[in-house]
1. Considering only the stretch 187-209, state which residues are surrounded by fewer than 18 Cβ atoms within 10 Å (Cβ to Cβ) and within 17 Å of Leu151 (Cβ to Cβ).
2. Is the stretch 216-236 home to any residue that is at pLDDT 90 or above and closer than 19 Å to Met142 by Cβ?
3. Could you tell me whether the stretch 145-154 includes any residue that is outside any helix (DSSP H, G or I) and either among the charged types (D, E, K, R) or over 27 Å from Phe20 (Cβ atoms) (or both)?
4. Quick check, is Lys131 over 18 Å from the mean Cα position of the chain (by Cα) and modelled with pLDDT under 95?
5. Could you please give the count of residues in the stretch 245-271 that are out of contact with any helix residue (DSSP H, G or I) (no Cβ under 7 Å at 6 or more places or on another chain) and either within 16 Å of Phe136 (Cα to Cα) or assigned to a strand (DSSP E or B) (or both)?
6. Looking at (1) closer than 20 Å to Ser106 by Cβ; (2) over 22 Å from the mean Cα position of the chain (by Cα), which is the one condition that is false for His40?
7. Checking the structure you have, find out if any residue of the stretch 210-226 is free of Cβ contacts under 8 Å to residues at least 12 places away in the same chain, in a helix (DSSP H, G or I) and crowded, with 18+ Cβ neighbours inside 10 Å.
8. Quick test of your reading of the structure: Leu123 fulfils all but one of (1) farther than 27 Å from Leu53 by Cβ; (2) part of a helix (DSSP H, G or I); (3) not basic (Lys, Arg). Name the failing condition by number.
Amino acid sequence: MLLEDLLKLTQLGAKKPILFWLDEYREISLELQEKLTEIHDKMKEESNVKNNLQHLIELLKKEIPNEFEIAQALLHVAEVFQEVPEEQKQIVQNFVQTGKTFYDRSQLFHLFANERAMVSKHLAPEEKVAKDKRLFENEGMMYCLEYYLVLYKTIQNAPTEGEKRKYIESTTIVVELGEIPGLWIDFSRDEVLSKFILKIMNDDVRRTLIEAYYTLKEELMKINIHCDKQGNCSCDYEHTDLNTVITSFKTFIQILIQAFQTIGIETLGSVFFRPYGDKPRLENINL
């Protein structure tokens, strides 16, 4: 069914970049091209809706997809489904909602890709390396590595399962230096992407961290957190469990540490957080 294929595309695109599910994208894309072309060809009069359908079909035919353009086009073709049977209205609503999320995520990646391209024009190779090292030493160390190490060690040291879950599920948690976001809320906001990961000039390192980030985020988002207007929240782990989440978090940090070492950084900054002592060597951190 066309609507279900479109919904699947927007749901996957909302979760992570097409780059990491390219085979599945191409399979869905082939199905959509055929079904959308059939609808397009039945439209006798030229209209914006017909033109938008044609534009989406052309984008889906490309071997290397431009996910930002696809996300834009998907939102435009939503007009086709303004009048649908009652039993399909919820699918249309889900399609529009996930389509907007897909658009917002892909727009973020698009903007940072343009920014990196502009900066890259004016930098020699050695200047790009130096820029990345400064980024890792500052934003990467403060907003990412040390923060996650503090959070991980706090979870590990928590005496009960309930205490461990608190540091994952709570909107804010208290550590030695004050309040910081809990793990689930931090990943739901994607702040580490815009503050750090998407600024990295080294393509291989950036891609590795994006993949590691979304692997962990996918596991975290399996935790269903529901909050009422008073801020009271309930959580269930129907599709994952606490040990799996903690293990995934550990793997993410290990990949993060390897990225720092690749960039040429061997010690923690220990400016604010000192989860493993004062300026320990990364190779000596035992998670």
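The values are calculated or read from the model by the stated rules, or taken from the named source; none is laboratory data. Treat the numbers as computed from the prediction; the structure is a model and nothing was measured. Counting neighbours? That spans all protein chains shown, and the Cβs are built from the backbone with ideal geometry, glycine included.
1. Ser188, Arg189, Asp190, Glu191, Lys195
2. So far as the stretch 216-236 goes, no, none of its residues is at pLDDT 90 or above and closer than 19 Å to Met142 by Cβ.
3. So in the stretch 145-154, the residues outside any helix (DSSP H, G or I) come out as none.
No; the residues of the stretch 145-154 include none that is outside any helix (DSSP H, G or I) and either among the charged types (D, E, K, R) or over 27 Å from Phe20 (Cβ atoms) (or both).
4. Values: over 18 Å from the mean Cα position of the chain (by Cα): yes; modelled with pLDDT under 95: no.
For Lys131, the condition - over 18 Å from the mean Cα position of the chain (by Cα) and modelled with pLDDT under 95 - is not met.
5. 3
6. (1)
7. There is no residue in the stretch 210-226 that is free of Cβ contacts under 8 Å to residues at least 12 places away in the same chain, in a helix (DSSP H, G or I) and crowded, with 18+ Cβ neighbours inside 10 Å.
8. Only one criterion is unmet by Leu123, namely (2).
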